[in-house]
Amino acid sequence: MLLKQTLYKVEKELENIKICNKISFAEVPIMIDKEVQEDDDLQLTSKGCERTVSKQSLLTHEDIAMLTTNKNKLKKDRIEIEVMKNNLNSQMRQIHEEGMKKVFSVFSNTFSKLLLNYKKEVEHRKRLHDILVRLKGNIRVFCRIRPIVAGEEYEKNLINPDYFDPDQINVTSDNGSNKSFGLDKVFDEQATQSNIYEEISPVVTSCIDGKNVCIFAYGHTGSGKTFTMDGPDKNPGIVRRAITELFQSLKDQSETIESTISVSMIEVYNEKINDLLSPSANTLTLRLSELGRQQIRGLSSTEVVNVEQVEQIINMGRKNRIVSSTAANISSSRSHSITMVNVRIYNKISQITTIGKLNLIDLAGSERVSKSQVVGQQLKEAQCINKSLSELGNVVLALRTKATHVPFRNCLLTRLLEESLQGDSKTLMIVQITKNRKYLSEAVSSLTFADKISKVPVKQSPTRPKLLLPSHDGADNKKYKKSLSDITTDSDNSCMTDQS
Ligand SMILES: Nc1ncnc2c1ncn2[C@@H]1O[C@H](COP(=O)(O)OP(=O)(O)OP(=O)(O)O)[C@@H](O)[C@H]1O
Ligand SMILES: [Mg+2]
């Protein structure tokens, strides 16, 4: 009986083992798969493997060994596939990069060649341009296009610099026709204060050699003249840059020269001269010296020793200048201002003293009174401004043509500048224009004027203009006035002469 019971028990246990084995064998592939799938980490894989093996304690050793071998093979294959995939990716990247490199090198070679040719052309052009400028003499005309300023209502006009010709500016009219204007140089809206100064620096420093220099900012109201000459404190214009450079140059040469610099500031307002550094003084008058030179009687002049001192003086003069808010410019200059810098140099080696004068002139803006419809005081201001600008244009044109007679005496501004403009002096006019369609006709007028000056044929042997005694529009002046007005008053150039 006991034996029977024992046999029954053994039979049952064998039955159980059979059932267990069946379940285990069916589960193995799934479990291995699962383990392999989950097995991204080697450690985890081995732990998982151990787990599986321990769970399958009922498997034979051969089964477990085979499963482990398979699993390891799978793992190895997987790693190999991963490596192949990475290799393939990097090869494809390499092929792509090499292809791109080839294309890029072809392009960059062509581009470098073109750039080199372009640079050569530009250098060649520059040399020719310099020769031309030297031939043209001491009067030069530049144009600066002011950018559209924040808050300005505008519709863009079609004035564009010619990017292949730095001396040309093109205007396309509403009907599509084109007109080109020639100048000595055009600065587009991107030009900075320092770009402008770099170009004129040699003219400025020539006053150290005893030359008289006049730099004018010219153009319609709101076109950026005061910005170019004065500029904001953080972005100074020509006046402060010129003075800084003068001091620096003099310091550099201090072993061989002794120098004295003095500064005066005046404004010409309604044909009267005001001393901007002594505003309480009466209006100043011009008188002719014994040597036949124009002198401003009673003009104050301050000797300066450093840039900071000059800045203080200039700020004071600037505050005293007549400025009003107009429809075109909230801070419109209603007078012509002239900052006069006298540079006296004593050369210790040659023992020669020279005196150079630098006149930096911020002109009042021309304005079409028929368009602005100003009346009363403003009408008088505008008429005076326009008349003096017209006369200044005549003088500059006569100087550029190296005429034997220059009509200096026709207005106060030109009488004042007579000495500084004639002889071997250097004159630079910066004609300001804007891209605002509202001022298209004014811009075209200014450009027409600039174009006429820059196209004046060159005379090979300059004759020094005659220094005239005061004349009240004598016969010579009348004759000249007519020939010059023929040039400056055609139908589309009324900017300089619009005094209606
Ligand atoms: N190059 C420039 N970059 C930025 N702003 C400029 C530039 N030129 C002029 N402006 C701005 O345009 C406005 C008019 O300029 P500005 O007062 O210099 O004109 P203007 O020709 O002197 O006018 P007006 O004849 O009425 O005195 C100012 O607000 C000035 O700051
Ligand atoms: Mg101004």
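Values in this text are rule-based calculations from the coordinates and carry no lab data. Predicted model, so just to flag it, every value in this text is computed and none were measured. Using ideal geometry, Cβ is built from the backbone for each residue, glycine included, and neighbour counts are taken over all protein chains shown.
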Global form of the range 290-408, assessed from the alpha-carbon gyration tensor, a/c cut-off 1.5
oblate
Mean-position separation - Cα centroids, the range 285-340 and the range 136-210, in angstrom:
26 Å
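Going highest first, how would you order 145-156, 402-413, 107-118, 166-177 by mean Cβ packing within 10 Å?
With the highest mean Cβ count within 10 Å placed first, the list reads 402-413, 166-177, 145-156, 107-118.
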Defining a contact as two alpha carbons under 8 Å apart and six or more residues distant in sequence, what relative contact order in percent does the range 137-200 show?
36 percent
Most packed first (mean Cβ within 10 Å per residue), the peptides 264-273, 223-232, 194-203, 376-385 order as 223-232, 264-273, 376-385, 194-203
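Starting from the Cα gyration tensor of the range 139-488, take the square roots of the eigenvalues, sort them a ≥ b ≥ c, and report rounded, prolate or oblate (rounded when a/c is under 1.5, otherwise prolate if a/b is larger than b/c, else oblate).
Details: a/c = 1.37, a/b = 1.28, b/c = 1.07.
Judged from the Cα gyration tensor, the range 139-488 comes out rounded (a/c under 1.5).
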Which whole-number percent is the relative contact order of the range 139-488 (Cα, under 8 Å, 6+ apart)?
26 percent
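If packing is taken as the average number of other Cβ atoms within 10 Å across a peptide's residues, how do 432-440, 249-257 rank, most packed first?
Working: 432-440: 21.8, 249-257: 13.1.
Ranking the peptides 432-440, 249-257 by packing returns 432-440, 249-257.
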Cross-link pairs beyond the 19 Å C-alpha cut-off, checked among Lys225/Lys435; Lys225/Lys319; Lys319/Lys387:
Lys319/Lys387
Please report the antiparallel percentage of the DSSP beta bridges confined to the range 139-488, to the nearest 5.
65 percent
Multiply the residue gap between Glu152 and Lys73 by 0.36 nm, knock off their C-alpha separation, and tell me the result in nm, one decimal place.
20.8 nm
State whether the range 372-440 is rounded, prolate or oblate according to the following rule on the C-alpha gyration tensor (a ≥ b ≥ c being the square roots of its eigenvalues): a/c under 1.5 gives rounded; otherwise a/b larger than b/c gives prolate, and the remaining case gives oblate.
oblate
What residues qualify as long-range amide H neighbours of Arg144, i.e. H under 5 Å apart, gap of 5 or more or another chain, H built at 1.01 Å from N?
Phe187, Val431, Gln432, Ile433
Evaluate the relative contact order of the range 308-465 (contact order divided by residue number), counting alpha-carbon pairs under 8 angstrom at least 6 apart; express in whole percent.
16 percent
